[in-house]
Amino acid sequence: MKKRVLLIVCDGLGDRPVRKLEGRTPLQAATKENLDWFATQGACGLLDLISPGVCPGSDTAHLALFGYDPSQIYTGRGPFEAAGVGMEVRRGDVALRCNFATVDEERRVLDRRAGRIREGTRELAESIDGMEIDGVVTHFKEGTEHRGVLLLRGEGLDPRITDGDSHEIGGPVLEVKPLVPQAEKTAHVVNEFMSRATEALSDHPVNLTRKGQGLEPANFILPRGAGKFPSIPLVREKWGLRFAAIAGVALIRGICRSVGMEVLDVKGATGGLDTDIEAKIEAAMRALEEYHVVVVNIKAPDVAAHDRKPGLKTEVVERIDRSLGMLREGIQEDWIVAVTADHSTPCDTGDHSADPVPLLVFGDGVRRDDVVTFDEISVAVGGLGRLRGVDLMPLLIDLANRSEKFGA
Ligand code: ZN
Ligand code: ZN
């Protein structure tokens with residue numbers, strides 16, 4: 001029987017022993033009847049998303065989970081961020097991540113996030129969208145809060161340039177410089193864009209209102225992380241299957257869209273702590289009727305861990321677990337279910353780490369091992385052993401009886 005695959009990625013789920021939790025990880029500390037049930041019925045192991053000791057970003061990790069070798073195709077975060085805010089990204093486009101910032105008359109940075117501006121960024125972005133500089137068309141779109149994306153489309157673009165953002169307060173805005181001679185034009189276009197943008201933004205009604213309210217004006221665009229959109233095969237070419245994704249975070253949505261997945265909108269799926277996990281699981285179960293592979297990203301564990309709140313992370317795990325009750329009840333015999341993470345985010349450091357993440361795979365025909373608890377420590381003795389992220393999708397597709405024979 002040909003089967004379908006549900007891959008649930010609990011963002012930043014992996015952790016380290018936490019003193020406040022008596023040396024347990026948040027996952028170990030959680031009550032999680034359903035995750036343990038799936039682990040008991042299925043096979044478990046550990047996953048190194050990139051390779052042991054390499055600390056993954058959410059973007060590279062997700063690419064690996066979809067079967068792409070990130071070291072081969074990753075060309076900077078900008079292009080994925082651009083796709084994530086809903087821009088159409090084409091091969092050869094160069095994109096940069098940007099901040100709306102506040103500068104003084106001498107272009108010294110007063111606030112890298114323009115007072116964490118939340119409102120009016122769409123109007124500001126529209127006023128600097130669609131310039132033409134040296135035959136290059138520039139597009140600008142706002143992201144969440146103070147973030148935005150600059151996209152360059154034209155001939156002879158090269159992303160090997162320095163950042164305009166020094167990450168320092170009080171210092172001058174940096175001139176963007178080419179790192180190789182081929183990138184001279186790109187650097188010039190970005191510098192020119194920064195100049196023209198600040199002119200347009202300074203007297204923008206949104207900023208005049210902000211000044212009147214005593215708020216920092218968003219009068220400058222700080223670009224960084226230039227990248228060129230890579231030419232990679234889309235998932236349906238690579239695997240011959242239809243993929244759908246459910247994710248609240250712009251970056252993850254962008255990555256999924258850029259590799260050719262259908263990104264489904266789910267009401268209440270926010271990418272924050274308030275996200276409706278049940279709605280996501282329910283939507284995924286429905287999507288399995290139509291798609292061969294459905295990927296769900298649940299960002300909440302990562303958010304709690306970045307905030308360095310192990311107790312909250314434990315609660316998030318328990319919420320995820322409760323939502324999986326619905327999956328457990330509605331499970332179909334032609335579903336292969338995998339639960340894992342895109343990286344560890346230890347609450348102690350509040351940032352990602354290279355610690356391998358737990359993995360469980362459940363479904364008819366999956367060889368059952370002796371693991372009965374789903375956590376970072378227990379799964380280490382599981383039947384799946386220790387895998388690399390890039391190996392997971394082929395493994396799942398094979399369990400779904402959809403792999404192609406290598407050789408005769
Ligand atoms: Zn992540
Ligand atoms: Zn993170």
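The values are calculated or read from the model by the stated rules, or taken from the named source; none is laboratory data. No experiment lies behind these values; they were computed from the predicted model shown. Cβ: placed from backbone, ideal geometry, glycine included. Neighbour counts: every protein chain shown. Accessible surface areas use protein heavy atoms only, side chains included; no ligands, DNA or RNA. Shrake-Rupley method; radii C 1.70, N 1.55, O 1.52, S 1.80 Å.
A compact table of results
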| quantity | calculated |
| --- | --- |
| Of residues in the range 30-57 being part of a helix (DSSP H, G or I) and open to solvent by less than 10 Å² (accessible area, probe 1.4 Å), the one farthest from residue 20 (Cα to Cα) | 38 |
| Elements of type helices (runs of 4 or more DSSP H) in the range 67-149, at least 1 residues being open to solvent by 60 Å² or more (accessible area, probe 1.4 Å) and in contact (Cβ under 8 Å) with a residue 12 or more places away in the chain | 70-73, 121-127 |
| Test: residue in the range 147-155 that is assigned by TED's automatic domain parsing to the domain that holds residue 95, among the β-branched types (Val, Ile, Thr) and farther than 12 Å from residue 96 by Cα | no |
| Unique match (being under 17 Å from residue 246 (Cα atoms) and more than 16 Å from ligand 2 (Cβ to nearest atom)) among 361, 339 | 339 |
| Residue pairs meeting the criteria (Cβ under 8 Å; at least 6 apart or on separate chains; first among the β-branched types (Val, Ile, Thr), in the range 396-408; second crowded, with 18+ Cβ neighbours inside 10 Å) | 397/5; 397/239; 397/293 |
| Residues of the range 296-311 that turn out to be within 21 Å of the chain's Cα centre (by Cα) and open to solvent by 10 Å² or more (accessible area, probe 1.4 Å), as a count | 6 |
| Yes/no for residue 334 being within 16 Å of ligand 1 (Cβ to nearest atom), in contact with a strand residue (DSSP E or B) (Cβ under 9 Å, 6 or more places away or on another chain), open to solvent by 30 Å² or more (accessible area, probe 1.4 Å) and at pLDDT 95 or above | no |
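Results for (1) modelled with pLDDT of 95 or more; (2) in contact with a His (Cβ under 9 Å, 6 or more places away or on another chain); (3) on the phi < 0 side of the Ramachandran plot, shown as yes or no for each residue.
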| position | (1), (2), (3) |
| --- | --- |
| 170 | no, no, no |
| 187 | yes, no, yes |
| 219 | yes, yes, yes |
| 227 | no, no, yes |
| 234 | no, no, yes |
| 248 | no, no, yes |
